[in-house]
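Enquirer: Can you read through this structure? Questions will come right after.
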Ligand code: URA
């Protein structure tokens, strides 16, 4: 399936590589690698501006704009200096950001920039350092919620039941449009991502990217190695086979067991159904991790902002 177009309408990174466009004209760049192989020499504008990339349908430029000129052609008053944006995003001090630019480690909209003073638009431009995407758009927000048990994964509930929306009502009342990335059962606790970044949310939920979720499950019954091999080997459920990517017994005590299970599937009640099918009904289920983002000791019902390393890692796993 074709991945959705980027939020800012720029072509997908892989597609632009495949098109054999500007990258091949950038000296020292080895295709398939994130880093240039040698220090970049300052380039003539013409060399940088070469692009065979096909503008996406929803390009964020008017038909009159020369898209290929992009950020290099902006007036001095347009946008914010790249080194300032990098510093504001916490990547490096301004001075160090200049060094990163000089070393050819910074990309704007898939072009390596070695010129100092280039201005960018934080709301539209996609910036990468060493191939890793940096969030520079302050309008985009990302939170980890520790969803308490008994709370529904909805932003409002017609029946007046407690829901995730209640916990962020102050934010949404002040105009923030947040939504949850996927769902947890009302009876499941733990990590739920909230954001207004629709593209990241869609990709995290898309099966193609196989984003791993980790759960701690308390089950009835004494778990054994047979259960682990069955979980990992695959179980036939009514809507098709399912299997854990990883499963481990943490504790067995008085007829109950605590297990860690990792799965990238997003089907409804998938963890509960897996254990149920194998004869170990789930009594308590907590999502502790989404890809590299951990719940840690965050208290139920609280929100915290994602840090930049976590966000970068999420962008990366869904190829943004
Ligand atoms: N699997 C389940 O069974 N429930 C959840 O809430 C999430 C995954």
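The values are calculated or read from the model by the stated rules, or taken from the named source; none is laboratory data. None of the values given here were measured: they were computed from a predicted structure. Glycine gets a Cβ as well: all are built from the backbone with ideal geometry, and neighbour counts include every protein chain shown.
Enquirer: Only residues that are at pLDDT below 90 and either part of a strand (DSSP E or B) or at negative phi (or both): list them for the stretch 116-139, please.
Expert: Residues satisfying the conditions are 122, 123, 124, 132, 133, 134, 135, 136, 137, 138, 139.
Enquirer: Answer yes or no: is there a residue in the stretch 164-171 that is part of a loop (DSSP other than H, G, I, E, B) and over 19 Å from the mean Cα position of the chain (by Cα). Talk me through it step by step, then tell me what you get.
Expert: We begin by selecting, within the stretch 164-171, every residue part of a loop (DSSP other than H, G, I, E, B); these are 168.
Filter once more, so that each one left must be over 19 Å from the mean Cα position of the chain (by Cα): 168.
Checked against the condition, which is being part of a loop (DSSP other than H, G, I, E, B) and over 19 Å from the mean Cα position of the chain (by Cα), the stretch 164-171 yields at least one hit.
Enquirer: To continue, here is another question. Please go through the stretch 126-139 and give me each residue that is over 18 Å from residue 98 (Cβ atoms) and in contact with a helix residue (DSSP H, G or I) (Cβ under 8 Å, 6 or more places away or on another chain), ordered by number. Full working, then the answer.
Expert: Residues of the stretch 126-139 over 18 Å from residue 98 (Cβ atoms): 126, 131-133, 135, 137-139.
If the condition is that a residue be over 18 Å from residue 98 (Cβ atoms) and in contact with a helix residue (DSSP H, G or I) (Cβ under 8 Å, 6 or more places away or on another chain), then 132, 133, 135 are the ones that fit.
Enquirer: Away from the ligand (no atom under 16 Å from the Cβ), surrounded by fewer than 18 Cβ atoms within 10 Å (Cβ to Cβ) and outside the structural domain of residue 224 (by TED's automatic domain parsing): which single residue out of 254, 319 fits that description? I'd like the intermediate steps shown before the answer.
Expert: Working: 254 fails: outside the structural domain of residue 224 (by TED's automatic domain parsing).
The conditions single out 319.
Enquirer: So which residues in the stretch 268-284 are more than 8 Å from the ligand (Cβ to nearest atom), surrounded by fewer than 16 Cβ atoms within 10 Å (Cβ to Cβ) and part of a loop (DSSP other than H, G, I, E, B)?
Expert: Residues satisfying the conditions are 279, 281.
Enquirer: Further, regarding this structure: Which one is surrounded by the most Cβ atoms within 10 Å (Cβ to Cβ), of the residues in the stretch 285-302 that are in contact with a helix residue (DSSP H, G or I) (Cβ under 9 Å, 6 or more places away or on another chain) and part of a loop (DSSP other than H, G, I, E, B)?
Expert: 291
Enquirer: Could you tell me how many of the residues in the stretch 184-215 are more than 13 Å from the ligand (Cβ to nearest atom), touching a residue at least 40 places away in the same chain (Cβ under 8 Å) and in a helix (DSSP H, G or I)?
Expert: Qualifying residue count for the region: 9.
Enquirer: Here's a follow-up. Give 223, 242, 247, 217 a once-over and let me know the one that is in contact with a strand residue (DSSP E or B) (Cβ under 7 Å, 6 or more places away or on another chain), outside the structural domain of residue 149 (by TED's automatic domain parsing), surrounded by 15 or more Cβ atoms within 10 Å (Cβ to Cβ) and farther than 30 Å from residue 311 by Cα.
Expert: Values: 242 fails: farther than 30 Å from residue 311 by Cα; 247 fails: farther than 30 Å from residue 311 by Cα; 217 fails: farther than 30 Å from residue 311 by Cα.
So the residue among 223, 242, 247, 217 that is in contact with a strand residue (DSSP E or B) (Cβ under 7 Å, 6 or more places away or on another chain), outside the structural domain of residue 149 (by TED's automatic domain parsing), surrounded by 15 or more Cβ atoms within 10 Å (Cβ to Cβ) and farther than 30 Å from residue 311 by Cα is 223.
Enquirer: Does any residue of the stretch 97-112 turn out to be under 18 Å from residue 318 (Cα atoms) and not assigned by TED's automatic domain parsing to the domain that holds residue 178? Steps first, answer last, please.
Expert: Filtering the stretch 97-112 down to residues under 18 Å from residue 318 (Cα atoms) leaves 109-110.
Add one more test, that the residue is not assigned by TED's automatic domain parsing to the domain that holds residue 178, and what stays is 109-110.
Checked the stretch 97-112: at least one residue is under 18 Å from residue 318 (Cα atoms) and not assigned by TED's automatic domain parsing to the domain that holds residue 178.
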